[in-house]
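Everything on this sheet refers to the single structure shown next.
The values are calculated or read from the model by the stated rules, or taken from the named source; none is laboratory data. Keep in mind it's a predicted model, so treat the numbers as computed, not measured. Please note: Cβ atoms are built from the backbone with ideal geometry, for glycine as well, and neighbour counts cover all protein chains shown.
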Amino acid sequence: MQRGIDEGVDAITVFAGEGPKCIIDQLARTPEQLIATLADALMGLHHRKLVVGFDVVLVVSPDHSRIFHEAKWSDAEVLEALYAATARPGAELVRGVGGIAEGVPEGFGEIPSLPKFRPDGILLAHAGGGAGLFSSMIGGWVNGEMGSDPVTVEVRP
């Protein structure tokens, strides 16, 4: 079951997002290597020091999906690894750190690990053609009450 829809049931998700951005990794051959690349790209969504306020659709290409499939990684394992790899110590994300004014308020600096995305904030999709080792991400607008949330509904004939 994903997003409240049983496996095998046709559904559609509406997501308010920006244009897609290409993620290239033509050298990764293990899930861990590919997770590192995908996580690095996801960290740059909107700003490296802004966390939890934005969702993302990660569209994994067939060639990248094959790396996970051959290692017998489930989508749940891919997502778990991405959430772990995109978490950062609060001290790195505080406003002013590194000479960058943007960031989280100072009080968050004591938190050992802040997630880049809220739970269920990475929407994983497998799509694309046989063009190579190129995936993409579609960054969302502000999420929650201030913005918009993805909505998934069953499609009935």
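Observations, loosely collected:
- Residue list for the range 66-76, filter: within 24 Å of residue 118 (Cβ to Cβ) and touching a residue at least 40 places away in the same chain (Cβ under 8 Å): 73, 75
- Top-ranked residue of the range 1-31 - restricted to ones that are in a loop (DSSP other than H, G, I, E, B) and of a type in the set (D, E, K, R), ranked as surrounded by the most Cβ atoms within 10 Å (Cβ to Cβ): 25
- Note on the range 109-119: among residues that are free of Cβ contacts under 8 Å to residues at least 60 places away in the same chain and closer than 23 Å to residue 81 by Cα, the one that is nearest to the chain's Cα centre (by Cα) is 119.
- Set 78, 52, 59: member being modelled with pLDDT of 95 or more and part of a strand (DSSP E or B): 59
- Segments classed as strands (runs of 3 or more DSSP E), wholly inside the range 95-155, with at least 1 members that are over 16 Å from residue 14 (Cβ atoms): 122-126, 134-142
- Residues of the range 65-75 classified as surrounded by fewer than 18 Cβ atoms within 10 Å (Cβ to Cβ) and assigned to a helix (DSSP H, G or I), total: 4
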